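These notes are about the structure you will find just below.
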Amino acid sequence: MRTLDIIGLVICCVLVTSCAMPVPVTKVVGSNGRPAYSLKCSGFGRDRQDCLKKAGELCPGGYDILDDNSRTNGALVTNNMIIAAHKEYLTISCR
């Protein structure tokens with residue numbers, strides 16, 4: 001990998017992580033019939049910590065994790081590199 005490619009990749013990563021988008025929330029019904037929330041933790045600079053923070057905002061009295069999953073959604077091939085694209089979700093129910 002050329003130095004210029006590495007510099008470009010680093011700049012791109014810094015821009016993406018510094019401009020993190022809010023955690024998307026979808027209201028769902030949990031397996032127990034109670035209201036629950038599905039949070040998308042990945043993408044646009046978001047990570048698991050952002051999801052946990054959002055879960056705390058949605059459920060100030062605490063929450064139970066109903067489902068915690070991630071899956072590979074595809075791959076990006078560029079300059080002899082393969083980057084796996086994965087999505088991570090967290091489903092919670094307020095206590």
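Below, the figures for the structure above:
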{"quantity": "Nitroxide proxy distance, nm - points 7 Å out along Cα→Cβ at CYS94 and LEU58", "calculated": "1.1 nm"}
{"quantity": "Potential extension, ASP67-MET81 segment - 0.36 nm per residue separation minus Cα distance", "calculated": "1.9 nm"}
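Each value in this text was obtained by applying a stated rule to the coordinates, not by laboratory testing. None of these values were measured; they are calculated from a predicted model. Cβ sites come from the backbone with ideal geometry, for glycine too, and all protein chains shown count toward neighbours.
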